[in-house]
Amino acid sequence: APLLPPEHHKPPAVANGELRINGKGKKLRKPRTIYSSLQLQALNQRFQQTQYLALPERAELAAQLGLTQTQVKIWFQNKRSKYKKIMKQS
């Protein structure tokens with residue numbers, strides 16, 4: 001198989017948004033994602049339809065919104081836990 005040009009190489013693996021750096025265990029975190037109002041509107045709308053996304057749905061939504069699948073996955077996880085917390089209080 002032909003070698004892909006450098007821009008096609010995968011970025012380094014990021015575990016829970018943390019990238020280990022310089023072997024001293026100093027964590028370089030990915031900055032917190034700031035979602036646009038359009039993205040939030042779409043995410044919230046989708047959450048009202050369903051609290052859980054199947055993989056193809058997640059891929060499609062991420063592509064539509066210009067987000068990574070991980071960002072969509074984590075947004076839904078956070079939203080579910082926030083939703084459950086609110087439901088418990090009422």
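We did not get these values from a lab; they are worked out from the coordinates using the rules stated. Please read these numbers as outputs of a predicted model, since none were measured by experiment. Cβ: placed from backbone, ideal geometry, glycine included. Neighbour counts: every protein chain shown.
Length gained on full extension, R80 to Q41, computed as 0.36 nm times the residue gap minus the Cα-Cα distance: 12.4 nm. In this simple spin-label model, placing a label point 7 Å from the Cα along the Cα-to-Cβ direction at both T70 and I34 gives a separation of 2.1 nm.
Working note: Karplus 6.51/-1.76/1.60 with θ = phi - 60° gives region 68-76 the couplings 7, 4, 4, 4, 5, 4, 5, 4, 5 Hz, where Gly and Pro are set to x.
Select from Q39, I86, F76 the residue farthest towards the positive end of the dipole of region 38-90; place +1 on Cβ of Lys and Arg, -1 on Cβ of Asp and Glu, and compute about the Cα centre. Positive-most Cα among the choices belongs to I86. Rounded to the nearest Hz, the phi-derived 3J(HN,Hα) couplings of region 31-36 under the Karplus curve 6.51 cos²θ - 1.76 cosθ + 1.60 (θ = phi - 60°) are x, 4, 5, 9, 8, 6, where x marks glycine and proline. Here region 29-90 is assigned +1 on the Cβ of each Lys and Arg and -1 on the Cβ of each Asp and Glu. Its dipole about the Cα centre then comes out at about 460 debye.
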